[in-house]
Structures are given as C-alpha cells and as structure tokens.
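Undergrad: Would you mind keeping the following structure in view while I ask a few things?
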Amino acid sequence: MILLDRVTKTYSKAMGPALNRVSLHIEPKEFVIVVGQSGAGKTTLLRLLTREEMPSSGKIIIGGIDYDKLKDKDIPLVRRKIGVVFQDFKLLPNRSVFENVSFALEIVGASSHEIKNMVPRVLEIVNLKGKDKNMPLELSGGERQRVAIARAIVRQPRILIADEPTGNLDPKHAWDVIKVLEKINRFGTTVLLTTHNVAIVNKLKRRVVTLEHGKLTSDRAHASYKL
C-alpha cells in the first residue's frame, strides 16, 4: 500500500536532510502511528506521501503508483485516494456540517443524488448523526474534528492520514476522535496517525514508527512509547 525506499528530502544543504534514507512499508488496512519530536521529519513524510513535495532521492510507491512516473495531471486522482485530517480542522465556518462534508464531493463533480446518499452515511460513521444542520461554531472541538474526518473519508480514500488530530483537544474528545479512526480502520482503510500524545500511543498498542532528526530509528509492532 505504502512503500518508501531510501527516501531522502533536503530543503537546503545548510539545514541538512529533513528525511534521511527512510525506508518504510505499510500494508493495506494497517493502523500505523508515527511519532517523533518537532523537527523529526513527520510533516515532511506526510507531504511526500500526498505529493506536495518531491523526494530529493529514493522511491515512493503508493497503492501501486510509482511517484517517479506520476504525471502532474494525475496528481489530483492520487490525492483522492488519500484523505487528510489536520490538527486545526480547516472547516468552512459559514457552511453547515452537511455542507462542509458535501463540499469534498462537489469539487470532484459528484451528483446531488450521490451527495444525499453519502453524507448522512459518513456522518453516522463519525457519530454525528443529527448534527448535519449545525454550524461549526455550534460544535465542540472533538465534534469539529469528526466533521473534518467525515470530509476526509467521504470520497472513500484507501488511506487516511491524520496529522496530530487530537493536538487541540481535551482527553475525552481526543479519545472520541481516536475511536472514530479505529472504526474507519476496521472498515478497511489504511490509517497513518501522527501524534505527540504518549497516552494515546501506549493505549492503542499499534505499530509505532519513530523518527529522529530525519531518520527512522524504530519500527515496532504493538509498541509503547516514551518521550
């Protein structure tokens, strides 16, 4: 599903590599946590996976697509296979919950029939049934993050990248979000989660990949983690 082979990314020679010869293989339907201090290379890794950045060297293959051979016109098609959730939600404040989620379908030309069918189903998955008419400011932080997750999965991506999705949330709402990510993973979506939250990592006991100063220093199944 996701293959990185000796991937290096250097933004400037003076700074040194943001990622340094990272090799990583993630199977379909896995749930993998990426940890590391600020500046470890997590954001660079995610930007490479979504093709916002190109590696300086090495190979990236996502879902059988070799990024070396990917034409610019095909990048949007690849990105539809990858849902992304951020720490700061990025919701449209003047649109309802339904409209925020449906927007992701509108921009790819989905029909009104598809939108009416898909959006309620996805809102139920993220435990927001009955909240479709609410505006973002009427929701808790955890609910807003679940709207963001619904928007990310409504196009049924094969991979969901969750970049510090609980960073702004209290423990209860953080766990609500994590439970939704686990549910989505059980439906067959590959989940890649970055987090600084040690409690979440240790309770989930999933595969943990550790980055330090741009290098992959640890890759362990059912792992715990200490800062």
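Undergrad: Place +1 on the Cβ of every Lys and Arg and -1 on the Cβ of every Asp and Glu in the chain, take the dipole about the Cα centre, and give the residue among I178, S57, H222 whose Cα lies farthest towards its positive end.
TA: Looking along the dipole axis, the top candidate is H222.
Undergrad: Shifting gears a bit: Counting pairs of alpha carbon atoms under 8 Å apart in space and at least six apart in sequence, what relative contact order in percent does the chain give? Each step should come with its number before you reach the end.
TA: Values: 427 pairs, mean separation 62.5, N = 227.
After rounding, I find 28 percent.
Undergrad: Divide, for segment 1-129, the radius of gyration over alpha carbons by 2.2 N^0.38 Å, where N is the residue count. Provide the component values of the computation, followed by the final result.
TA: On the way: Rg = 17.5 Å, N = 129, 2.2 N^0.38 = 13.9 Å.
With N residues counted in segment 1-129, Rg over 2.2 N^0.38 Å equals 1.26.
Undergrad: For V34, what residues show an amide H to amide H distance below 5 Å, using hydrogens built from the backbone and excluding near sequence neighbours?
TA: Amide H neighbours of V34: L193, T194, T195, V209.
Undergrad: Take every Cα-Cα pair in segment 133-227 and report what % of them are more than 23 Å apart.
TA: Numbers: 1263 of 4465 pairs.
Taking all Cα-Cα pairs of segment 133-227, the fraction more than 23 Å apart is 28 percent.
Undergrad: Something else: Sort the following peptides by mean Cβ neighbour count (other Cβ atoms within 10 Å, averaged over residues), highest first: 33-46, 199-212.
TA: 33-46, 199-212
Undergrad: Sticking with this structure for a sec: Output ³J(HN,Hα) for segment 190-195: one whole-Hz value per residue in order, computed from phi by the Karplus curve 6.51 cos²θ - 1.76 cosθ + 1.60 with θ = phi - 60°, and x for Gly and Pro.
TA: Couplings: 6, 10, 10, 10, 9, 7 Hz.
Undergrad: Next question. What do you get for Rg/Rh over the chain if you use C-alpha atoms and the Kirkwood form of Rh?
TA: Numbers: Rg = 17.6 Å, Rh = 18.1 Å.
On the Cα set of the chain, Rg over Rh gives 0.97.
Undergrad: Still on this structure: When the Debye formula is applied to the Cα atoms of segment 93-156, each taken as the same point scatterer, what base-10 log of I(q)/I(0) results at q = 0.12, 0.13, 0.17, 0.20 Å⁻¹?
TA: -0.23, -0.28, -0.48, -0.66
Undergrad: Could you size up the charge dipole of segment 93-156 around its Cα centre, putting +1 on the beta carbon of Lys and Arg and -1 on that of Asp and Glu, and report it in debye to the nearest 20? Kindly include the intermediate steps, with their values, before the conclusion.
TA: Details: 10 positive and 7 negative charges, 19 e Å.
In debye, rounded to 20, segment 93-156 gives about 100.
Undergrad: Check segment 6-98 and count each lysine pair with an alpha-carbon distance under 21 angstrom, considering only pairs eight or more places apart or from different chains.
TA: Eligible lysine pairs with Cα atoms under 21 Å apart amount to 19.
Undergrad: Additional query: If you place +1 on the Cβ of every Lys and Arg, -1 on the Cβ of every Asp and Glu, and leave all else neutral, what size is the dipole of segment 69-227 about its Cα centre, to the nearest 20 Debye? Provide the component values of the computation, followed by the final result.
TA: Numbers: 29 positive and 17 negative charges, 114 e Å.
For segment 69-227, the charge dipole is close to 540 debye.
Readers should treat all values here as calculations from the given coordinates under stated rules, not as data from a laboratory. It should be emphasised that the depicted structure is a prediction, and the values quoted were computed from it without experimental measurement. Counting neighbours? That spans all protein chains shown, and the Cβs are built from the backbone with ideal geometry, glycine included.
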